[in-house]
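Here's the structure we're looking at; comments come further down.
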Amino acid sequence: MNHYYNKRLRNNARENRKNMTLGEIIVWDKILKRSGLGVKFKRQRPMGPYILDFYSAELNVALEIDGYTHRFDETRANDKRKSEWLLRHGIILIRIPDEQVFHDLSNLKIRLFEVIRELKGQRANPPPAPSKGGGIISFQGEGVIHL
């Protein structure tokens, strides 16, 4: 178990699993539940002060499905704090807009599989840290992969 796991948020995470958004349900059912990638993701994982939509301990990767509320300034500020916390703790964050889930699922699945495959390879042969000129796939400034 990751040492950032937050037991105090466990009940909230259970409730979130019962009330996932439509975008989260589709990503879980159509991509992550039985992906065939050999990487296990958990839903609504409490980490530090946050509950992550999806988390792979093997890759130390969080996946967030961003719905329409993520367009509001307050939510963007919260997303930025969450991204910064995850990056500080070495957790890679992949952000996916829910429009992509609803309107381009097959391409999303291909791109996500490519990213996960590359991350699995990089875990075997880690690149230099982003601050030393390395990085992972298409980090965009704040250390987040945007699909």
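The values are calculated or read from the model by the stated rules, or taken from the named source; none is laboratory data. All figures in this text were calculated on a predicted structure; none of them were measured in a lab. Cβ: placed from backbone, ideal geometry, glycine included. Neighbour counts: every protein chain shown. The area values use the complete protein model at the heavy-atom level, side chains included, leaving out ligands, DNA and RNA. Shrake-Rupley method; radii C 1.70, N 1.55, O 1.52, S 1.80 Å.
Spot the failing condition for Arg76; the list is (1) at pLDDT below 90; (2) crowded, with 16+ Cβ neighbours inside 10 Å, and only one is missed.
Tallying (1) at pLDDT below 90; (2) crowded, with 16+ Cβ neighbours inside 10 Å, Arg76 fails exactly one: (2).
Residue check, Ile94 against (1) at pLDDT 90 or above; (2) assigned to a loop (DSSP other than H, G, I, E, B), all met but one. Which one?
The single condition Ile94 does not satisfy is (2).
Mind checking which residues of segment 8-31 are more than 20 Å from Asn78 (Cβ to Cβ) and either among the aromatic types (Phe, Trp, Tyr) or surrounded by fewer than 20 Cβ atoms within 10 Å (Cβ to Cβ) (or both)?
Those that are more than 20 Å from Asn78 (Cβ to Cβ) and either among the aromatic types (Phe, Trp, Tyr) or surrounded by fewer than 20 Cβ atoms within 10 Å (Cβ to Cβ) (or both): Arg10, Asn11, Arg14, Arg17, Lys18, Leu22, Ile25, Ile26, Trp28, Asp29, Lys30.
Among the residues that make up segment 37-44, is at least one of them within 13 Å of the chain's Cα centre (by Cα), open to solvent by less than 70 Å² (accessible area, probe 1.4 Å), within 27 Å of Arg117 (Cβ to Cβ) and charged (D, E, K, R)?
Looking through segment 37-44, none of the residues is within 13 Å of the chain's Cα centre (by Cα), open to solvent by less than 70 Å² (accessible area, probe 1.4 Å), within 27 Å of Arg117 (Cβ to Cβ) and charged (D, E, K, R).
Do you know which residues across segment 22-48 are in contact (Cβ under 8 Å) with a residue 24 or more places away in the chain and basic (Lys, Arg)?
Across segment 22-48, the qualifying residues are Lys30, Arg43, Arg45.
State yes or no: is Arg34 assigned to a loop (DSSP other than H, G, I, E, B), modelled with pLDDT under 90, open to solvent by 80 Å² or more (accessible area, probe 1.4 Å) and basic (Lys, Arg)?
For Arg34, the condition - assigned to a loop (DSSP other than H, G, I, E, B), modelled with pLDDT under 90, open to solvent by 80 Å² or more (accessible area, probe 1.4 Å) and basic (Lys, Arg) - is met.
If you scan segment 45-57, which residues turn out to be over 17 Å from Phe113 (Cα atoms) and open to solvent by 10 Å² or more (accessible area, probe 1.4 Å)? Give the steps one after another, and end with the answer.
So the first thing to find is which residues in segment 45-57 are over 17 Å from Phe113 (Cα atoms), and the list is 45-53.
Passing the criteria: Arg45, Gly48, Pro49, Tyr50, Ile51, Asp53.
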